[in-house]
Amino acid sequence: MSDVVANSPVRPADPNSGGHPLALSRARRWRERAIRSALLACGLVSILTTAGIVVVLVWESIGFFREVSPWEFLTGSQWTPLFKPQNFGVLPLVAGSFLVAVGASLIALPVGLASAIYLAEYAPRRARKILKPVLEVLAGIPTVVYGYFALTFITPFIRQVFPNTGVFNAASASIVVGIMIIPMVASLSEDALRAVPRSLREASFGLGATKFETVTRVVVPAALSGVIASFILAVSRAIGETMAVTLAAGATPKLTVNPLESIQTMTAYIVQVSLGDTPFGTIEYKTIFAVGLLLFMITLAMNIASRFVLRRFREVYE
């Protein structure tokens, strides 16, 4: 019986059958190609979208700079494109944007870094599980809600301390934007701190350092590149904030450093002109693309700076 089984001919499997290894290999290859094509399409969509935005900004800005000198635009101190006589100096808008960003940074950077240090080094696991989602909730609140919070709570409080403060002011906008970007600083900085190897902490403890000395002199310097990158990204987020600043800071383009006065940022001006009252194709309409292009260049430069910091000062551990 065993000889019969051993000498019986073996029929080759049908190539058209679903269980043949060749058919399975072909099906697997087709699935891999489909997945690769879908991922490529998603990547191309993001690239083409970015390229389209840049092309539109540059094309419309060229039409604006045919009528207005770039030197006048970048160095002028009067911004009144919607009134006569028209002035196209963008410095008041840039100054307003940076005034809000600096004020927000004074609040968000130390508070965010302190929160990250606590979550990464001091917080128990249970407290971390509670506090981390709370920070993420702050990041998910719509910006228009922050704007109304600034108008109804922060501004009245500031006016009680400084009675001469206007209803719309840069200080209120700075505070609310600072609260908005705290989660970004805290989350990114915590990831950088937790990436520091434990061996560095244990070596510091072995030399007799305290917990605070280990955190401030070993862990934070080792994660400095990630911390600085989080700072730069948060500041660029503050510069590009729109609705909260529009509601809290007002619409007065003014070249000032007084945070108690009403100002206007680049994003707030874009919102103002985009409401539909400005005729299409006019010089006033084209100003939003020139301002948008300048804002794009500023945020792009800050993102490039953050990547340079990461590459230049990044610590690599074995």
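The values are calculated or read from the model by the stated rules, or taken from the named source; none is laboratory data. Computed from a predicted structure; not experimentally measured. In this analysis, Cβ positions are derived from the backbone assuming ideal geometry, glycine residues included, and neighbour counts consider all displayed protein chains.
Just checking, does the range 177-186 include any residue being in contact (Cβ under 8 Å) with a residue 24 or more places away in the chain, under 15 Å from Phe98 (Cβ atoms), aliphatic (A, V, I, L, M) and in the same structural domain as Phe98 (by TED's automatic domain parsing)? Scanning the range 177-186 turns up at least one residue that is in contact (Cβ under 8 Å) with a residue 24 or more places away in the chain, under 15 Å from Phe98 (Cβ atoms), aliphatic (A, V, I, L, M) and in the same structural domain as Phe98 (by TED's automatic domain parsing).
Whenever a residue of the range 237-260 is under 17 Å from Val177 (Cα atoms), its partners that are aromatic (Phe, Trp, Tyr), lying with C-beta atoms within less than 7 angstrom and at least six residues away or across chains, give the pairs Ala244/Tyr146; Leu247/Tyr148; Ala248/Phe168; Ala249/Phe168; Gly250/Phe168; Leu260/Phe162.
I'd like to check something: does the range 75-98 contain any residue that is surrounded by 10 or more Cβ atoms within 10 Å (Cβ to Cβ), at pLDDT below 90 and among the aliphatic types (A, V, I, L, M)? Within the range 75-98, one or more residues are surrounded by 10 or more Cβ atoms within 10 Å (Cβ to Cβ), at pLDDT below 90 and among the aliphatic types (A, V, I, L, M).
The conditions are (1) of a type in the set (S, T, N, Q); (2) at pLDDT below 90; (3) within 20 Å of the chain's Cα centre (by Cα), and Thr265 fails exactly one of them. Which is it? Against the list (1) of a type in the set (S, T, N, Q); (2) at pLDDT below 90; (3) within 20 Å of the chain's Cα centre (by Cα), Thr265 comes up short only on (2). Residues that are in a helix (DSSP H, G or I), more than 25 Å from Ile263 (Cα to Cα) and without any contact (Cβ under 8 Å) to a residue 24 or more places away in the chain within the range 60-92 comprise just one, Ile62. Number of residues in the range 272-298 that are of a type in the set (A, V, I, L, M) and more than 23 Å from Ile62 (Cβ to Cβ): the value is 1. Filtering the range 120-143 down to residues that are surrounded by 12 or more Cβ atoms within 10 Å (Cβ to Cβ) and under 16 Å from the mean Cα position of the chain (by Cα), which residue is farthest from Asp191 (Cα to Cα)? Looking at the filtered set, the residue picked out is Thr143.
Among the residues of the range 274-292, those identified as in contact (Cβ under 8 Å) with a residue 40 or more places away in the chain and either among the charged types (D, E, K, R) or touching a Leu at 6+ places or on another chain (Cβ under 7 Å) (or both) are Glu284, Lys286, Phe289, Val291, Gly292.
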